[in-house]
Amino acid sequence: METPSQIWHLIARVLNGEASSLEQEELHELLQQDELLQQQYDLLARIWKEKHDDIKDEDNINASATISRIMNRAADESIDADMVTRRKRRRNRIKAYLVFSVFAIIITSIILISNYGDQSPSTEQPKQDVIATPKGSRSRTLLADGTTVWLNGESKLHYENDFTGTTREVTLEGEAFFDVVKQTNRPFIVHTSGIDIKVLGTAFNVKSYPEDQNVETTLYRGAIEVFRQKDSSKNAIKLIPNHTLVLPKQAANEPAKLSEDKRPLVKEIPVRLIIIPIDSTKKESERIETAWVYSRLEFRVVRFEEVAKKLERWFNISIIFTDEKAKNLNVYGSFEKETVEEVFAALKVGFPINYNINNHEVYVESSQ
């Protein structure tokens, strides 16, 4: 069995172009057996390919001087057949060690530049974290600045894990409710589908799934500014509490980039811009716009095809309509602890449909 030192020596020979075909085949087999080793090899190979020509001159000089000293010491030894063999092996080891010395120089330089900076601007991007909530679940997360985020099913939130910059920025795909901690000098910005939402301290909901034609933003407390990323913030729409802003997004104009199950549900031209007041007499926990935050599935009178998307995310199921008439039915409802079977039983009582549940698939047709 190969020891770690033998494996790294083999990798060095392969990267340095000295390995025989048998050694290359041996390394290939080792990499196939060890996924972590494969990842480490890929990283070293990429660094060697991209960086070995960019090593500073003084590093080359130092490395050459080290090799010369070692070679000179080797030349002083007696030369016989065995010594020649040992010297060749020693030279190969020296070359192998040189490869990894170069890697060490490169990696150390990258770390130093990352931590302390240099005269040239760094192009390295800040570390990003991702929160992903699958279908059939919801999640609650506390960000580094104290902001609380609830994520609905089949949603993703990308964000910088430390929020140490002049702004606090996140990127959303799906639906989220934000309760943002106010920091006057560091605005909180949500990027989604070509639209930016800028706040200082407030509570608001954002809905922007890939198949949605519009971005819907509902403000409960505080104030927000909404504008397209290509526009100046001077053109921002300022939203006041207890209102929902419906704004067309860029993705709606490019449906060909979406998979079939993500295509917009409504084919007509999306609305230009709508601001809708919400019922402020109800408690936040009772409002339909954020019912999902309180583990309640609720929908007004809306096409069954659109409701189906909510049901799929809520229960982690697939809904297949067997006729167009069922898709276009207008339905409504409010559910909290019901199972998928109970929800469809209730919908059948209230609306002219038949259904059949087969594992995670629900087939729906009109009964008229």
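The values are calculated or read from the model by the stated rules, or taken from the named source; none is laboratory data. Quick caveat: nothing in here was measured; it's all calculated off a predicted structure. Glycine gets a Cβ as well: all are built from the backbone with ideal geometry, and neighbour counts include every protein chain shown.
Side notes on the structure shown:
- Against the test of being farther than 19 Å from I317 by Cα and either at pLDDT below 90 or more than 17 Å from the chain's Cα centre (by Cα) (or both), the options T141, T171, T184 yield a single qualifying residue, T184.
- Taken over the stretch 318-328, the residue count meeting the criterion of being surrounded by fewer than 19 Cβ atoms within 10 Å (Cβ to Cβ) and either within 17 Å of Y209 (Cα to Cα) or among the hydrophobic types (A, V, I, L, M, F, W, C) (or both) is 2.
- Hey, E306 modelled with pLDDT of 90 or more, touching a Lys or Arg at 6+ places or on another chain (Cβ under 8 Å) and assigned to a helix (DSSP H, G or I) or not: no
- With respect to the conditions (1) touching a residue at least 40 places away in the same chain (Cβ under 8 Å); (2) part of a strand (DSSP E or B), D212 falls short on a single one, namely (2).
- Checking the stated criteria, V206 turns out not to satisfy the condition of being touching a Lys or Arg at 6+ places or on another chain (Cβ under 9 Å), at pLDDT 90 or above and assigned by TED's automatic domain parsing to the domain that holds K156.
- Pairs where the first residue, in the stretch 1-28, is in the same structural domain as A45 (by TED's automatic domain parsing) and the second is among the β-branched types (V, I, T) and modelled with pLDDT under 75, C-beta under 7 Å, 6+ apart: A12/V99; L15/V99; N16/V99
- Contacts under 6 angstrom Cβ, first residue in the stretch 169-191 being outside the structural domain of Q229 (by TED's automatic domain parsing) and more than 17 Å from V130 (Cβ to Cβ), partner among the polar types (S, T, N, Q) and part of a strand (DSSP E or B), 6 or more apart: none
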